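Visitor: One structure, pasted below without further comment.
The values are calculated or read from the model by the stated rules, or taken from the named source; none is laboratory data. Remember, predicted model here, so these are calculated numbers, not experimental data. Glycine also receives a Cβ, built like all others from the backbone with ideal geometry; neighbour counts cover every protein chain displayed. With ligands, DNA and RNA removed, areas are computed over all heavy atoms of the protein, side chains included. Shrake-Rupley method; radii C 1.70, N 1.55, O 1.52, S 1.80 Å.
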Amino acid sequence: MAKKEIHVIILLVEGDTEVSFYNKVRELLLKNHQNSDSFKFLHPINIKGIGNYKTIAARQFDFAVTKFLKDNKPIKNHKLKKSEQKAPNTKFIFHAFMCIDTDVLDSAQKPARFRKNPPINENDTKQTIINKGGIPHFIKAVYSIEDWFLEDSKGIITYLKIDNIPKFKNNSSGAEKLADIFRCGQKVYTKGGKSEGFIECLDIEQILNNHLEDFKELLELLE
């Protein structure tokens, strides 16, 4: 009898704000795909920045796989002989979804905009996941996750309790724009840091619907 395949989804994200955002994305997607038993969708893992990303991403992915297999190890019936034990009938396929900004990729779909020397090589990073037995994917925020957040001006205004969003220079990055807006609300935004309650004010469904193409490979696993 062929083994049943279960896809295990592991999200690797850059910082605390991204953990909060992708936790909300995960909750929404699980709510919309409640009846499928063909996947396991794990909580996002914080890579904590992009320094030495290739190595750390592979290591964190490997840790997640090891823990998952340990937690999901078949329970043996010790009253039976080894020859009588039933072989596991499930095959786990592990997927690493690396959630990053395109301005840190040197081979992204769009060129790096705010970094002269992007620190992450896309193909090399994918290969490290393949070497660990996983299937690599990228979820790319163009140019940064802050650009996605800025799409929900109503949510930002609600969180900061300000009247409107100030105007910006065209050469400002998404993170710079968001930091300026936060200052208008007497708050500090630090990329990768915690912004308590901010993500909860955003319309995650709206942002997700704006970027269905960016989440295409993930959504296909949930069908």
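Visitor: Which whole-Hz couplings ³J(HN,Hα) result when phi for each residue of the stretch 206-216 is put into the Karplus expression 6.51 cos²θ - 1.76 cosθ + 1.60, θ = phi - 60°, listed in order with x for Gly and Pro?
Guide: Per-residue couplings from phi come out as 4, 4, 4, 5, 5, 10, 4, 5, 5, 9, 4 Hz.
Visitor: Label-point separation (nm) for N121 and L30, each offset 7 Å from Cα along Cα-to-Cβ?
Guide: According to this spin-label approximation, the distance is 3.7 nm.
Visitor: Using θ = phi - 60° and the Karplus relation 6.51 cos²θ - 1.76 cosθ + 1.60, list the HN-Hα couplings for the stretch 51-59 in order, rounded to whole Hz, with x at every Gly or Pro.
Guide: Running phi through 6.51 cos²θ - 1.76 cosθ + 1.60 with θ = phi - 60° gives x, 6, 4, 4, 5, 5, 4, 5, 5 Hz.
Visitor: Between R183 and I165, what length in nm is gained on full extension when 0.36 nm per residue of separation is reduced by their alpha carbon distance?
Guide: 5.4 nm
Visitor: Of D152, D214, which has the most accessible area with a 1.4 Å probe, and how do the rest follow in descending order?
Guide: Ranked list, largest accessible area first: D214, D152.
Visitor: Let me ask you something else. Cα to Cα, under 19 Å, and not fewer than 8 places away if on the same chain: which aspartates and glutamates meet these conditions relative to K191?
Guide: K191 reaches E14, D16, E18, D101, D103, E146, D147, E151, D152, E176, D180, E200.
Visitor: Further question on the same structure: How would D103, D37 rank on accessible area, largest to smallest, probe 1.4 Å?
Guide: D37, D103
Visitor: Tally up the carbon and sulfur contribution to the accessible surface of the chain as a whole percent, 1.4 Å probe, everything protein left in place.
Guide: The computed percentage sits at 48.
Visitor: For K73, list the aspartates and glutamates whose Cα falls under 20 Å from its own Cα; do not include residues on the same chain fewer than 8 positions away.
Guide: Correct list for K73: E5, D37, D62, E84.
Visitor: Compute the Cα gyration tensor for the stretch 10-76, then decide on rounded, prolate or oblate, letting a ≥ b ≥ c be the square roots of its eigenvalues: rounded whenever a/c is under 1.5, prolate when a/b is larger than b/c in the other cases, and oblate in all that remain.
Guide: It is oblate, given that a/c is not under 1.5 and a/b is not larger than b/c.
Visitor: R0 = 25 Å: FRET efficiency of K91 with R59, Cβ-based, nearest 0.05?
Guide: Given R0 = 25 Å and the Cβ-Cβ separation, E is 0.55.
Visitor: How much net charge surrounds K169 when only the other residues with a Cβ under 12 Å from the Cβ of K169 are counted, with Lys and Arg +1 and Asp and Glu -1?
Guide: Local net charge: 0.
Visitor: Can you bin the stretch 126-223 into rounded, prolate or oblate? Criterion: square roots of the alpha carbon gyration tensor eigenvalues sorted a ≥ b ≥ c, rounded for a/c under 1.5, prolate for a/b above b/c, oblate for the rest.
Guide: Since a/c reaches 1.5 and a/b is larger than b/c, the shape of the stretch 126-223 is classed as prolate.
Visitor: I've got another one for you. What pairs from K24/K154; K24/K48; K24/K169 go past 22 Å between their alpha carbons?
Guide: K24/K169
Visitor: OK, next. State in Å² the accessible area per residue of the chain; use a 1.4 Å probe, count heavy atoms of protein chains only, and round to the nearest integer.
Guide: Heavy-atom SASA per residue in the chain reads 59 Å².
Visitor: Is the chain rounded, prolate or oblate when judged by the Cα gyration tensor, a ≥ b ≥ c being the square roots of its eigenvalues, rounded requiring a/c under 1.5 and prolate requiring a/b larger than b/c?
Guide: prolate
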